[in-house]
Amino acid sequence: MPALRLTFFALAGFFGLAAGAAETLRLSPGQVEALGIAVQTVGNEGGGAQGGLPARVSVPNEQMRVVAAPVAGLVEMLAVAPGDAVRKGQVVARLASPQALELQRDALQAGSQAQLAEHNRRRDEQLFAEGLIAASRLEASRAAAAQAAAQASERRQGLALAGVVPGRVGGPLALTAPLDGVVLEQGVGVGQRVEGAALIYRIAKLSPLWLEIQAPVVLAAGLKEGLPVQVTGTPARGRLIAVGRAVEPSSQSVLLRAAVEVGAASLRPGQSVEVELALPAGRALHLPASALARQGGATVVFVADGGAQALTFEPRPVTVLSQGGDRVAVEGVKAGERVAVRGVSGLKAMWTGVGKD
């Protein structure tokens, strides 16, 4: 042990003398071997993509629809169940509703009153033209006809919103699918009484799908729309369509959104997946985590230069964009440069000892 310590401090003294103002460490081949230093050329292993990012599969908002009870009533029939495919206009449920009967009755009454008021207006127009009635009576007839027509229109719109067939009284309400898609959720059972706006079905078109990706802040900085995204272990792939501006406080992550263009059938809404995101060209490269050294809040790697006679190691500050297992994506080194990946602790000890004697 004493001999090992003497060797270590002797090397430290040598490094301190050789480093100079630039703090570049110069080592002979024997010294490199003694410290167990190994170097790796940046870019030899899978740079340009970041894997292991957590994501959730979701349905784009414009592809989601809800079939809701337009009025209070009793669920008489449900024609489909979660997972079933439906077509636009297909009857998916029937609802018996006294309130719907009232809407139908009111609409018929309003229509009849509007017809009568219009008949009176036309009659008074003729009588006024013949000089048999005063202008005030004609104006009153016109106002009554306009008011009755507006009320009838209001009742017809109420029927349309409730999904009630106008012109007849009686029969259950037929609720139809608003688009071609798949039933994701069923909110009621047969025989259940529901209030107006109660969820009956949630239906969605499942292609394309979205991926909501949680990415570290440092990785999200500089990302642009259009970057390729691959879902790990599936054929699903697509492209980035949005980079969030807000940061989630607890995880310090940014929401990225990607559209799945290929292989959407292999995914399910709500599914948790991992994705691989292609990084902009020249932005980041991957290194083993063992290549990093931290000093005073900064992260550095030791970039090697030189040949068989001697190697120099320059401490280079880098930015860690993301880390997955023993791999890190960093910014600050270039493809083709050589970086120390073993013996880094010895290099750090020599570097931090420079100029301190």
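The values are calculated or read from the model by the stated rules, or taken from the named source; none is laboratory data. On a predicted model such as this, the values are computed, not experimentally measured, just so you know. Methodologically, a virtual Cβ is constructed for each residue, glycine included, from the backbone with ideal geometry; neighbour enumeration extends over all protein chains shown.
Before moving on, here are some points about what is shown:
- Set side by side, the residues SER345, SER322 differ, and just one is in the same structural domain as ARG26 (by TED's automatic domain parsing) and modelled with pLDDT of 85 or more, which is SER345.
- Boolean, ALA145 is outside any helix (DSSP H, G or I) and either of a type in the set (A, V, I, L, M, F, W, C) or under 20 Å from GLY73 (Cβ atoms) (or both): no
- Search result, residues across segment 105-136 that are closer than 13 Å to SER153 by Cβ and in contact with an Asp or Glu (Cβ under 8 Å, 6 or more places away or on another chain): ALA110
- Single match in ALA236, ALA198 (criterion: farther than 19 Å from VAL275 by Cα, modelled with pLDDT of 90 or more and among the aliphatic types (A, V, I, L, M)): ALA198
- Of VAL243, VAL247, all but one fail to be at pLDDT 90 or above, under 20 Å from VAL320 (Cα atoms) and surrounded by fewer than 16 Cβ atoms within 10 Å (Cβ to Cβ); the exception is VAL247.
- Matching entry among ARG105, ARG121 (being at pLDDT 90 or above and more than 30 Å from GLY270 (Cα to Cα)): ARG121
- With respect to the conditions (1) closer than 29 Å to ALA177 by Cβ; (2) surrounded by 17 or more Cβ atoms within 10 Å (Cβ to Cβ); (3) not assigned by TED's automatic domain parsing to the domain that holds LEU184, ALA114 falls short on a single one, namely (1).
- Verdict on ALA100 being closer than 30 Å to ALA69 by Cα, more than 42 Å from the chain's Cα centre (by Cα), at pLDDT below 90 and of a type in the set (A, V, I, L, M, F, W, C): no
- Subset of segment 243-278 [of a type in the set (A, V, I, L, M, F, W, C) and under 21 Å from VAL217 (Cβ atoms)]: VAL243, ALA246, VAL247, VAL254, LEU255, LEU256, ALA258, VAL275, LEU277, ALA278
- All conditions but one from (1) surrounded by fewer than 15 Cβ atoms within 10 Å (Cβ to Cβ); (2) more than 24 Å from the chain's Cα centre (by Cα) apply to ILE200; the one that does not is (1).
- Residue within segment 64-81 that is exposed (fewer than 14 other Cβ atoms within 10 Å of the Cβ), assigned to a loop (DSSP other than H, G, I, E, B) and either at pLDDT 95 or above or of a type in the set (A, V, I, L, M) (or both) present: yes
- Checklist (1) in a loop (DSSP other than H, G, I, E, B); (2) crowded, with 16+ Cβ neighbours inside 10 Å; (3) not β-branched (Val, Ile, Thr) applied to LEU132, failing item: (2)
- In this entry, VAL86 is excluded by the filter for residues that are closer than 30 Å to VAL231 by Cα, assigned by TED's automatic domain parsing to the domain that holds GLU314, of a type in the set (A, V, I, L, M) and buried (at least 19 other Cβ atoms within 10 Å of the Cβ).
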